[in-house]
Amino acid sequence: MTNLKELQESFQRGILAGDDTVLAEIKDSAKEQRRVLFGVYRYAYVARLAEILGDDYEQVHAYLGDAGFAKLTKAYIAANPSDQRNARWFGRHLPTFLRTTTTYAKHPELAELAALEKALADAFDGPDAECLTLDSLAGLAPEDWPRLVLEPHPTVIRLSFTSNAAEIWSALKDETAPPKAARLPEPQAIVVWRQDLMARFRPIGAEEAMMWNEAAKGVRFGVLCEMVATFAGEDEAGLRAASYLKSWIDMEMLAGCRLED
Amino acid sequence: MSTERPDKPPFLGFGLGLRPQHYSEILDGDPEIDWFEVISDNYMIPGGQPLRMLDRIRERYPVVMHGVSLSIASTAPLDMDYLQSLKALAERVQPKWISDHLCWTGVHGVNLHDLLPIPYTKEALDHVVDRISQVQDFLGRRLTIENVSSYVSFGQSEMTEWEFVTEVAERADCWLLFDVNNVYVSAFNHGFSAQDFLNGVPRDRVVQFHVAGHSHEESHIIDTHDHPVCDEVWDLYRHTVKHFGPVSTMIERDDNIPPLAELVEELNHARAIASEILGLPHVAAAE
């Protein structure tokens, strides 16, 4: 008799690879043949995972349409059997899949659209942390500001797009016709984060992106101001840096700060 | 009446599965719901709004945790990361009990995200009892195990499903979640009597009922949880209440989720049936 381990292996192969060996272990019912009954599990496997991908990537679905998305989910499911207990993480490889699979790689906006949706989902249920407040900086002595080091909130994700995927996402979200896919003359910096428990994103300018990237590496505020001055001119560089900092605090993009010796 | 086990969890009344679509209605209103069941896996995440909503609902209602990925009958090793995460969630939620299904979900590191059937053999029984004991030791509490809907049966089975379930409960010393719809579905699919199943399960082990809808495919029924509860399942629920007495009951809807009011109406139907049979004018939550 097939032992439990062998039976489960055979059952799983039957679902994943269409192998019929397991049918020898299964009985016909009074009303139906075993192949049809086992087919319920085969169908449910693909249908459930396709539904999970559809929920996680609503705008990729909207962009490709039902038939295109069904083709994509079929290919993704075949290439990525779920190795996670929690279905929440099943679709996490989709941006990479779209970027590296020949059929889709020709359309970079697809991988970027998926990367944006994944980042929004990751920010939505990412780790909790305190948010830095303006009040906590109010008492900072002027001589301490240069040695201030900022700590990004753990839900902040930085992306860089070569296509107009962000614009496509916004149009699809508003249920309007998306613009034609286009390659951007310069890469577009995007920041994704969570504010008031909602995931958000916005394109940011090159200067703010530079300052954020450096701040996230632990570079002191004094040095950040110098970098901003070098980037786009000394005129009001300190003011520009302070203005970015204030907007990050207002948007709950920072978890805390410390003074470095 | 059978003697109740002194350590049996309390009768909570009539509850619903907590679904994100209903968060605001629940928190802003005062719906007639005694308790909530949450899908554990949906809250085994780092943070954010879902956990915040769960905390707020937990402040007002008793909660039980219901998982779909424990894979208790799998021959793959227990997933200690999953168990650790489940334990951490239980510490946060302080549920009345933790349930999952009598099934497996995958082997060799693959998860098929389905509640897969097992053969009712002595080998499978020993395996499942051992696994439940290990999980209970790790969690420091009893598990509640639910019968699943199944579409196939195995030639090698040596006992009925209810004999298997009973042996599991007695030997592993766990609680049972009696899913009325799953009994109806499996009885139809495999041609056994739902009443035999009902009579075969130990009354003092059953701490919760699920009532749900399904999809009828003529030669078989699929447990889809996307329809209102049908008359046949309500009839079986009637027999179930007669047999088991007052047991925490919930309507389980996972797809085509209607407005909360519709589910409360279904829940009130369950409440009315139980009140009529048990002569309870009102069933209060036990917290």
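Just a few scattered comments:
- Rounded to the nearest 20, the Cβ-based charge dipole of the stretch A:1-131 about its Cα centre (Lys and Arg +1, Asp and Glu -1) stands at 600 debye.
- Farthest toward the positive end of the dipole of the protein assembly as shown, out of A:Gln188, B:Ile26, A:Ile15, is the Cα of A:Ile15, where the dipole comes from beta carbon charges about the Cα centre.
- Sorted ascending by nearby beta carbons within 10 Å, beginning with the fewest, A:Ser160, B:Ser248 become A:Ser160, B:Ser248.
- Once divided by 2.2 N^0.38 Å, the Cα radius of gyration of the stretch A:153-201 becomes 1.28.
- Cα centroids of the stretch A:18-67 and the stretch B:128-165: 24 Å apart.
- Measuring nothing but alpha carbons in the protein assembly as shown and taking Rh as the Kirkwood radius, the Rg to Rh ratio lands at 1.03.
- Within the listed set A:Lys217, A:Lys27, A:Lys246, the Gaussian network model of chain A (springs between alpha-carbon atoms below 10 Å) gives the highest mean-square fluctuation for A:Lys27.
- Count of lysine pairs in chain A with Cα separation under 25 Å (8 or more residues apart, or interchain): 15
- Global form of the stretch B:15-277, assessed from the alpha-carbon gyration tensor, a/c cut-off 1.5: oblate
- Reach of B:Lys8 by Cα under 27 Å, taken over lysines that are not fewer than 8 positions away in the same chain: B:Lys87, B:Lys96, B:Lys242
- Peptide A:74-86 shows a mean partner chain C-beta count of 4 within 10 Å per residue C-beta.
- Gyration tensor (alpha-carbon) shape descriptor, chain A, a/c threshold 1.5: prolate
- The stretch B:143-287 - Rg over Rh from alpha carbon coordinates, Kirkwood radius: 0.96
- Separation of the stretch A:160-198 from the stretch A:214-261 is 25 Å, based on Cα centroids.
- Within chain B, the selection of entire DSSP H helices by a Cα span of 18 Å or greater along the long axis and an average Kyte-Doolittle value of at least -0.5 returns B:80-93, B:122-139, B:260-278.
- Least to most buried among B:Asp223, B:Asp126 (fewest other Cβ within 10 Å first): B:Asp126, B:Asp223
- Highest-MSF residue in chain B out of B:His214, B:His227, B:His269 [GNM, Cα springs under 10 Å]: B:His269
- Fluctuation leader among B:Glu252, B:Glu37, B:Glu163 - chain B, Gaussian network, Cα springs under 10 angstrom: B:Glu163
- Cα gyration tensor shape for the stretch B:120-182, rounded if a/c is under 1.5, else prolate or oblate: oblate
- Cα centroid of the stretch A:101-139 to Cα centroid of the stretch B:203-280, whole Å: 41 Å
- The stretch A:107-261 - Debye-derived log10 I(q)/I(0), Cα point model, q = 0.13, 0.18, 0.21 Å⁻¹: -0.65, -1.09, -1.31
- Toward the positive end of the charge dipole of the protein assembly as shown, with +1 on the Cβ of Lys and Arg and -1 on the Cβ of Asp and Glu, the farthest Cα among A:Met211, B:His243, B:Met53 is that of A:Met211.
- For the stretch A:43-201, a crude dipole built from +1 on the beta carbon of Lys and Arg and -1 on the beta carbon of Asp and Glu, taken about the Cα centre, is about 840 debye to the nearest 20.
- When +1 charges are put on Lys and Arg Cβ atoms and -1 charges on Asp and Glu Cβ atoms, the dipole computed for the stretch B:15-277 relative to its Cα centre reaches about 820 debye.
Values quoted throughout were computed directly from the atomic coordinates according to the rules given, and no laboratory measurement underlies them. Remember, it's a predicted structure, so these values are computed and weren't measured experimentally. All Cβ positions, even for glycine, are placed from backbone atoms using ideal geometry, and neighbour counts span all protein chains on display.
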